[in-house]
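Below you'll find the structure I mean.
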Amino acid sequence: MTGPDFSDEAAVKAYRAELRAVGRTPRLAGFALVVLGALASWSAPQFGGAGPVVQGIGYAALAAGWVLMLAAIFMRTRHHRRRLSELDGGGR
């Protein structure tokens, strides 16, 4: 992996696109789980006797979604740090 090239606007744009692509799948899956979990938690009273189960599933989906989104943020930050450390000669 080579260090990012910030020499012109096109290179910066390409690097930003590269960063957006890192961790995209877990980030989108996490977002979907958060939305579905929020909908399940919000609509739980409409399920009558199964409401507490639906609410529990909603809370579990919220938790799993946030874990996935935080993991994607960690992956992106780690990738960015590695790329920038190559500009400094590889040292920390």
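Can you find a residue in region 67-90 that is over 30 Å from Pro4 (Cα atoms) and assigned to a helix (DSSP H, G or I)?
no
Sticking with this one: Looking at (1) surrounded by 14 or more Cβ atoms within 10 Å (Cβ to Cβ); (2) of a type in the set (Val, Ile, Thr); (3) modelled with pLDDT of 95 or more, find the lone condition where Val22 falls short.
Of (1) surrounded by 14 or more Cβ atoms within 10 Å (Cβ to Cβ); (2) of a type in the set (Val, Ile, Thr); (3) modelled with pLDDT of 95 or more, only one is false for Val22: (3).
If you check every pair at least six apart or on different chains, which have Cβ atoms under 6 Å apart with a residue in region 38-55 that is closer than 21 Å to Trp66 by Cβ and free of Cβ contacts under 8 Å to residues at least 60 places away in the same chain first and a residue that is open to solvent by 100 Å² or more (accessible area, probe 1.4 Å) and of a type outside the set (Phe, Trp, Tyr) second?
Qualifying pairs under 6 Å: Ala40/Ile57.
Of the residues Val34, Val12, which is at pLDDT 90 or above and not in a loop (DSSP other than H, G, I, E, B)?
So the residue among Val34, Val12 that is at pLDDT 90 or above and not in a loop (DSSP other than H, G, I, E, B) is Val34.
The values are calculated or read from the model by the stated rules, or taken from the named source; none is laboratory data. Here the structure is a predicted model, which is why all the values come from computation and not from measurement. Cβ: placed from backbone, ideal geometry, glycine included. Neighbour counts: every protein chain shown. Keep in mind that these areas ignore ligands, DNA and RNA; they rest on the heavy atoms of the full protein, side chains included. Shrake-Rupley method; radii C 1.70, N 1.55, O 1.52, S 1.80 Å.
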